[in-house]
Every structure is written in structure tokens, then in C-alpha cells.
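Taking it in order: structure first as C-alpha cells, then the write-up.
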Amino acid sequence: MQVRPGAVWHPGQMALPGIVPMPPIAGGVGLPWDQPVGDAVAAIAAARKDCGDTFVIDSGRDRYLFTFSPRGVAEFYGLPEDRASKGVADWRMLRRKLPDEIFDGRRTFPHDLFGRSDAASYLANVHRALDATVADMGSEGTVDLFDMSRRLGHRVGLASWGGPGSAEEPALASLIGAFDALDGADAFVHPDVMAAVAANSKAAERTALAAVTERFAEAARAVEADRVLVTQHPLFARIVSAWSTETGDVRYRGIGHDVALVHVASMSNLFAALGWVFVDLLSDRPAAVRVAAGESAWAEQCALESIRLAQRSIMSRFVLEPVTIGDGEHTYRVPSGVTIATLLPLTNASAGPGLETWDPTRWNRRRLTRPVLAAPELVTSFGHGRHTCPAQPFSLAAISATVARLLSNFHWEPRWAARPQPVPAQIGGVARADGPCPATYRRLRSAGAPSAS
């Protein structure tokens, strides 16, 4: 599989950017949005085994420099954003699925809505969404854990920044349907269908974007007509205010696209993470009992461990200006146009002994304490440095509150024949389950009693 350094040409293309010195090139390996790949993570793992911790994959029209050594990963996280950009790399991936217009002229981004002062508002919405969820569940039944968590995630997000009525029926069901069609995460969860999305000129995605934009325009007009709603929906009002200098369709389209981008960027990984936390807790009764009993710090440790193991993220930086990156053996000069990357499912499970298994006791608050790593950047749940996910505090609090509430109110039994597995083609974000993940529940007689005893 390995091809030794040399110029690499693709039909109809100029030579791809040259890296000096040139690492080994993994021949016959591509990324799943460019060619059929049965298991994207396994394919890159095989390339690493054959080529070592630093190698190149040429896929489609792009060159990727992968790094996995302790020094290489540490230097990767230290790359300056203005020269090797995470934002541009993410945009290049998401635009395979999302219409280009959703990115144009944005005035509100996810990090704008996740300040410390916003946490109380989000958590209040989590608890209101849980009230509605528990009421909807009744006394007993069967749910798919990932379907349940997806609906809950949509409900929390839309209550937070979707404006009046968006998190309530009948608007909620139609918005969930539209956002399922628009979901930018498909760019890395189902990269194998991106060619079909492009061939159809993103028609389904544009229809969904138009539908959600119309709904958020209605919500904006309601806020403008009733100042009381401003205090009831402060995050949405902030988005509306950002467009106060515009009028008419430009204003309402801008508001709608801001809300849509914030929602698709913020919620999809949260609901997937919540699903895996449930899977792991229902597989470990003693751990579930502690969560049901209200041990919030323990619930966070469980969440961090589940997310660590569920990560399928390709962490990437698109080089805008030449940079250097070392791997402990060589220092590479990387020109603009190359994407530098590492892959969390490989490092998260192999950077030290025992990391392939679920063990929440390895965390002390939000720090991994064992095993001792050659570089702390080799294992992550929410990223490192300036690119640590800004929603980490909210996400951990939301997951902890949700599992504690549902485990303390219901007795649960998993009904899957074998442990759920990730979608094989997925390369990015928190894993989605490759198939149903059913569980039965029965309401406990006394709220707060441990459900996993």
C-alpha cells in the first residue's frame, strides 16, 4: 500500500502541493467522500500500520498529512489558526452537505451563544425539555435511545435559540423533520452519499433550509411585536438584534440562516453523545446506580469516558500559509492547500494501556489521570487548546442532568442483541449507531429511586 516520496499526479489536475521532506504516501487509500470506503477508520488505521505515524493520503483533489506521534499531535493542536485553520477545514467538510448560502454573511456563530452567562438559560431549557419528555413517555414503553436523545437535543436547542413556539408542537415536529434533512453532520456521518447530494444540487437541503428560515422569520416577527418575548427568549433575541441594521427579506433570511447554522453546528453531536452515555450506563449497572442517586461529578466522568470512546472525529487544519510541524523524527514544511489531520478514534483508544475499555474512574473532573500519556493531546473528548469545544460545560451538564433524571424515574432494560456499533463510513463527530438501539423502560413508584438496581 505504501508509495515512496515523489510527485503525485491526478488525471486532469496539477501536481498536489509538495511537503518537504515528503512522508510516505498511502497508496490505494482515499477518504469516503471521494471514493467507496467500507470502514473509514479501519482504512486509516491500516495506512498508519503500513506507513508509520506520519503519512500522506491523496484523496480526490486534496492532499492530507496525517500525524499520530506524541510530538506530531501536540504540534498539530498548537498550529496557529490564521495559518492552519480549523474553521476553514470544517467549512470545507460541511459545505459538501449544507447549501453555500447558509454560510454567507453570518452574524452569529455557535461560540457567540456559549458564554458562561448563558449556561443557566440552557440548563433551564434542558429541565423543561426533560419535563416534557418524561410526560410523553408515560408509565412504560420501548424507545430507541438515539431517536430519543435526538428529539431531546432538538427540543433543547430550539428552546434556547429557536424563538417563541419553535420547541412546541406543531412547529417542533416539522422543524425536526427539516433539520434531519438539513443535518450538516451527514457530511462526515454518511460521507458516502455526498456525491448524490452534489448531483442533486442539494435540492432537499435547500428545501429544508427554506422551511426553517420561514419558521424563524415568524418567530422574529413575534419577538418584534411583543417585547415581553425578548426576555423570555434572550438568545434568539440576540440573533434578531444582530440583524437590526437590515430590513425586509434580507433581515429575516439572515436571522433564519443564523439560527439554522447555530442549530446544526451545536446539537447533532450532543444527542449522539447522550445516546452512547445511555448505552454504557445500561451496560454497567453499578455505574448507573450512582448516576441515578445524583452523583453529578460521577455522571460527568461517565459522559467524558463515553464520548472519548465514541469519537470518530477527524481533527483537521487547512493550511492557508506555509507552516512547519514536527513528529519527533522530522520537521515537515507544509505548503498552503494541504490539510493536516489526526484521527481521534485511533489515538483515543491506543495512546496508553487499557484505553480500549470504558472506565470512568480514569477521569478526575475533566482531566484524564490515567494512563499517563506521552502527550496529553493524544486523548480528548472535547478538543484541546483554543479549539476546545465552547459548549463543553453545557454539554456535560445537559448530559448529566438528562441521564440522572431518566435513570432515577424509570427502570431500564437494554434490548439490543449485541453492543451497538458506529456507522462504518463515518469519519467525523461523535459516532452514530449503525442500526436500532432499543431499550424498554418502566416508571418507578417513587421518583429518585435508583433505576438500575
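The values are calculated or read from the model by the stated rules, or taken from the named source; none is laboratory data. Note that the structure is a prediction, hence the values are computed from the model and not measured. We place every Cβ from the backbone using ideal geometry, glycine too, and count neighbours over all the protein chains shown.
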For the range 337-361, which residues satisfy the criterion of being assigned to a loop (DSSP other than H, G, I, E, B), touching a residue at least 40 places away in the same chain (Cβ under 8 Å) and in contact with a Pro (Cβ under 6 Å, 6 or more places away or on another chain)?
GLY337
Only residues that are touching a residue at least 40 places away in the same chain (Cβ under 8 Å), assigned to a loop (DSSP other than H, G, I, E, B) and not polar (S, T, N, Q): list them for the range 369-381, please.
LEU373, ALA374, ALA375, VAL379
Tell me, which helices (runs of 4 or more DSSP H) lie completely within the range 247-312 with 3 or more residues that are under 30 Å from SER350 (Cβ atoms)?
268-282, 285-292, 296-310
Could you please find all residues in the range 37-66 being part of a helix (DSSP H, G or I) and either free of Cβ contacts under 8 Å to residues at least 40 places away in the same chain or among the aliphatic types (A, V, I, L, M) (or both)?
ALA40, VAL41, ALA42, ALA43, ILE44, ALA45, ALA46, ALA47, LYS49
Take the range 133-150 and flag every residue that is among the hydrophobic types (A, V, I, L, M, F, W, C), surrounded by 13 or more Cβ atoms within 10 Å (Cβ to Cβ) and either in contact with an Asp or Glu (Cβ under 7 Å, 6 or more places away or on another chain) or assigned to a helix (DSSP H, G or I) (or both).
VAL134, MET137, LEU145, PHE146, MET148
Can you run down the residue pairs with Cβ atoms below 6 Å, 6 or more apart or on separate chains, where the first is in the range 175-190 and closer than 20 Å to GLU101 by Cα and the partner is of a type in the set (Asp, Glu) and assigned to a helix (DSSP H, G or I)?
LEU182/GLU205
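Can you tell me how many residues in the range 226-240 are more than 16 Å from SER160 (Cβ to Cβ) and not aliphatic (A, V, I, L, M)?
Counting residues in the range 226-240 that are more than 16 Å from SER160 (Cβ to Cβ) and not aliphatic (A, V, I, L, M) gives 2.
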For residues that are touching a Phe, Trp or Tyr at 6+ places or on another chain (Cβ under 9 Å), of a type in the set (A, V, I, L, M, F, W, C) and surrounded by 14 or more Cβ atoms within 10 Å (Cβ to Cβ), scanning just the range 241-256, find the one that is farthest from GLU168 (Cα to Cα).
TRP243
Kindly indicate whether any position in the range 223-232 is under 21 Å from the mean Cα position of the chain (by Cα) and either crowded, with 16+ Cβ neighbours inside 10 Å or modelled with pLDDT of 95 or more (or both).
no
Would you please list the contacts, defined by Cβ atoms under 7 Å and residues six or more apart or on different chains, that run from a residue in the range 238-258 that is farther than 18 Å from PHE109 by Cβ and among the aromatic types (Phe, Trp, Tyr) to a residue that is assigned to a helix (DSSP H, G or I) and modelled with pLDDT of 95 or more?
TYR252/ALA217; TYR252/ALA220
Set LEU130, LEU123: member being of a type in the set (A, V, I, L, M), at pLDDT 90 or above and in a helix (DSSP H, G or I):
LEU130
Out of everything in the range 425-437 that is buried (at least 17 other Cβ atoms within 10 Å of the Cβ) and at negative phi, what residue ends up being farthest from the chain's Cα centre (by Cα)?
CYS437
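Yes or no, residue by residue, for (1) at pLDDT 95 or above; (2) under 24 Å from LEU65 (Cβ atoms):
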residue: ALA341; (1), (2): yes, yes
residue: PRO371; (1), (2): yes, no
residue: GLN392; (1), (2): no, no
residue: HIS411; (1), (2): yes, no
residue: ALA418; (1), (2): no, no
When ALA204 is evaluated against the numbered criteria (1) within 25 Å of the chain's Cα centre (by Cα); (2) crowded, with 16+ Cβ neighbours inside 10 Å; (3) assigned to a helix (DSSP H, G or I), which criterion, by number, is the only one it fails?
(2)
Return a yes/no flag: does the range 307-330 have any residue that is in contact (Cβ under 8 Å) with a residue 60 or more places away in the chain, among the polar types (S, T, N, Q), farther than 26 Å from ASP147 by Cβ and surrounded by fewer than 19 Cβ atoms within 10 Å (Cβ to Cβ).
no
Would you be able to say whether some residue in the range 432-446 is under 22 Å from ILE44 (Cβ atoms), in contact with a Gly (Cβ under 8 Å, 6 or more places away or on another chain), of a type outside the set (Lys, Arg) and not in a loop (DSSP other than H, G, I, E, B)?
yes
In the range 207-245, how many are closer than 20 Å to ASP112 by Cα and assigned to a loop (DSSP other than H, G, I, E, B)?
4
For the range 103-123, how many residues are touching a Lys or Arg at 6+ places or on another chain (Cβ under 9 Å) and crowded, with 16+ Cβ neighbours inside 10 Å?
3
Residue pairs qualifying under the 9 Å Cβ cut-off, at least six apart or on distinct chains, with the first in the range 382-408 being touching a residue at least 24 places away in the same chain (Cβ under 8 Å) and the second being acidic (Asp, Glu) and surrounded by 23 or more Cβ atoms within 10 Å (Cβ to Cβ), are HIS384/GLU377; GLY385/GLU377
Only one residue in VAL189, VAL126, VAL156 is closer than 30 Å to ALA40 by Cα and surrounded by 19 or more Cβ atoms within 10 Å (Cβ to Cβ). Which one?
VAL189
I'm checking my understanding of the structure. Among residues of the range 44-72 that are surrounded by fewer than 22 Cβ atoms within 10 Å (Cβ to Cβ) and of a type in the set (Gly, Ala, Ser), which one is modelled with the lowest pLDDT?
GLY60
